[in-house]
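**Q** This structure is in structure tokens; I'll ask about it shortly.
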Amino acid sequence: MFTAAQTRLSQSVRLLGQSRLVRNLGWMTAAETVSRLGRIATAIILARTIDMTTFGVAAMAITVFELTRIFTENGIGAAVIRAPDETVAAIANTAHRMMWIVCIGLSVLQAGVGLVALHLFPDTDIGWMIFALSGVYLVMPFGLVHAYMLIRAERMKRLAVIASSQTLADHLLTAVLALSGFGAWSIVLPKILTTPIWLFGVRHGKPWKRDAHTGYHQVWQILQFSVPVLLSELAVAAREQCDKLLISAFFGLEVLGLYYFAFNAGLGLSTALNRALNAALYPFLCATEKDGTSLEARFRRALLLAALPLAGVYCAQAAGALIYVPMLFGTNWTHAAPLVALLCLGGPARLLLDSVRIYWRASGHTAHEFKLSLAFAAGTLLPIPMFAVYGLYAASAASIAGATLAALLLARPHLFAKPRPIKLASQIGDPA
């Protein structure tokens, strides 16, 4: 019996080393880890140079930017990644045109929000920060299809190098600007100044240009697949960003600064690992139609080899928060350590639900993915206003409890379910 267990263990280790998912996850995790370690170092500098109110101002501007940017995660790129080889060129042509329209619209929208914020918050620079960040969207269309093609090819090593280069430059600029006295602008300006690094990286990593001979794909077919993905990503964005807006509304900018600090100090690294898993998991699951393997088998293997170990990272962070927070960020942030630990406990629920969400996207059931995302967002956000009267910690604890319960209820019926197969051609594969 012991020999059989040893054999199974050695086979699992060998499969682990051979798994493309694990290799890709390794590259993305390395990039995200380097990025988050840089963010922690930057957070240490920020914690010693700016106060909680300034953190709150920057958090408001960045939150608006992140909420607007989610419209670039609209499923059009997912359609390119999932497209069959015979139609990918036409779909990419159409995606390029569609993303130009989307990004120009987002730039105008965010600029308008910035102008409104100038009147709502005349005593701060929030409006100007939001307005300045609108320029990022005018750069993105030049490289988005190149990025989609890199993901489609599962070239995560290249993507990891690009991401880590951009984020390290972001953190370095933030630290320099903070030490130079730029205040909240030291967090915002690097988002604009480092965008060319991403653009150069994706264009150089995967050269692509529109192929006029292949024509264009029918827009409505792409929208049929991508609109539910967009709605799902909006629900995810609400889950990840609207908690900060609710905290600001119920507790004010100073408490928002405390919450924003705790979120970055606690969930920063773990959330990055979650994103790394999602980035590697989607093309891995989409490849099932190319090599004939079972989607369900790949998904379950991914949970065992990748998701379960990452869930342990959240728990380890929660256990060590009371020690590392005052040690790294200074004793003046000791009061934030319990909140950091508390927020870390909500990580495994997000990891589980996001993995199931990507599973349904890869299967073609994007409408079902949206329903799951919406229900989980509601379970995460609704407890905050319900328990705000009892204080920040009670509202945060209620949100985490709601998220965990929602994840368990929503994921349980689907972890071992076999979705009705939907061929890619039935949604975005037929030539126009």
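The values are calculated or read from the model by the stated rules, or taken from the named source; none is laboratory data. This structure is a prediction, so every number in the text was calculated from the model and none was measured. Every residue, glycine among them, receives a Cβ derived from its backbone with ideal geometry; neighbour counts consider all protein chains shown.
**Q** Check region 392-408 and report whether any residue there is assigned to a helix (DSSP H, G or I), more than 27 Å from Val255 (Cβ to Cβ) and modelled with pLDDT under 85.
**A** No, that holds for no residue.
**Q** Now for a separate question. Testing Gly181 on (1) over 21 Å from Val64 (Cβ atoms); (2) assigned to a helix (DSSP H, G or I), one condition comes back false. Which one is that?
**A** That leaves (2) as the condition not met.
**Q** Do any helices (runs of 4 or more DSSP H) entirely within region 8-92 hold 2 or more residues that are charged (D, E, K, R), closer than 28 Å to Leu230 by Cβ and modelled with pLDDT of 80 or more, and if so, which?
**A** Because the criterion is at least 2 residues that are charged (D, E, K, R), closer than 28 Å to Leu230 by Cβ and modelled with pLDDT of 80 or more, the helices (runs of 4 or more DSSP H) in region 8-92 that meet it are 52-69.
**Q** Give region 182-229 a look and list any residue that's under 21 Å from Leu150 (Cβ atoms) and among the aliphatic types (A, V, I, L, M), or say none.
**A** Within region 182-229, Ile197, Leu199, Val202, Ile222, Val229 meet the criteria.
**Q** Which of the helices (runs of 4 or more DSSP H) found entirely inside region 281-375 contain at least 1 residues meeting this: free of Cβ contacts under 8 Å to residues at least 60 places away in the same chain, of a type in the set (Asp, Glu) and surrounded by fewer than 16 Cβ atoms within 10 Å (Cβ to Cβ)?
**A** Helices (runs of 4 or more DSSP H) meeting the threshold: 288-291.
**Q** Take His204 and decide whether it is free of Cβ contacts under 8 Å to residues at least 60 places away in the same chain, touching a His at 6+ places or on another chain (Cβ under 9 Å) and surrounded by fewer than 16 Cβ atoms within 10 Å (Cβ to Cβ).
**A** Here the answer is yes, as His204 does meet what is asked.
Yes/no per residue for (1) touching a Phe, Trp or Tyr at 6+ places or on another chain (Cβ under 8 Å); (2) closer than 24 Å to Ile62 by Cα; (3) modelled with pLDDT of 85 or more; (4) not in a helix (DSSP H, G or I):
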| position | (1), (2), (3), (4) |
| --- | --- |
| Ile162 | yes, yes, yes, no |
| Gln166 | yes, yes, yes, no |
| Leu172 | no, yes, yes, no |
| Leu189 | yes, yes, yes, no |
| Leu199 | yes, yes, yes, no |
| Val202 | no, yes, yes, no |
| Trp208 | no, no, yes, yes |
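**Q** Let me ask something else. Of the residues Ala235, Ala265, Ala249, which single one is of a type in the set (A, V, I, L, M, F, W, C) and without any contact (Cβ under 8 Å) to a residue 60 or more places away in the chain?
**A** Criteria check complete, one pass: Ala249.
**Q** Mind listing whichever residues of region 296-307 are farther than 16 Å from Asn278 by Cβ and either modelled with pLDDT under 70 or aliphatic (A, V, I, L, M) (or both)?
**A** Once the filter is applied, which keeps residues that are farther than 16 Å from Asn278 by Cβ and either modelled with pLDDT under 70 or aliphatic (A, V, I, L, M) (or both), region 296-307 yields Ala297, Leu304.
**Q** Quick test of your reading of the structure: Gln218 fulfils all but one of (1) modelled with pLDDT under 90; (2) crowded, with 17+ Cβ neighbours inside 10 Å; (3) farther than 30 Å from Ala397 by Cα. Name the failing condition by number.
**A** All conditions are met except number (2).
**Q** Taking the residues in region 178-197 that are hydrophobic (A, V, I, L, M, F, W, C) and crowded, with 20+ Cβ neighbours inside 10 Å as candidates, determine which candidate is farthest from Trp360 (Cα to Cα).
**A** Ala178
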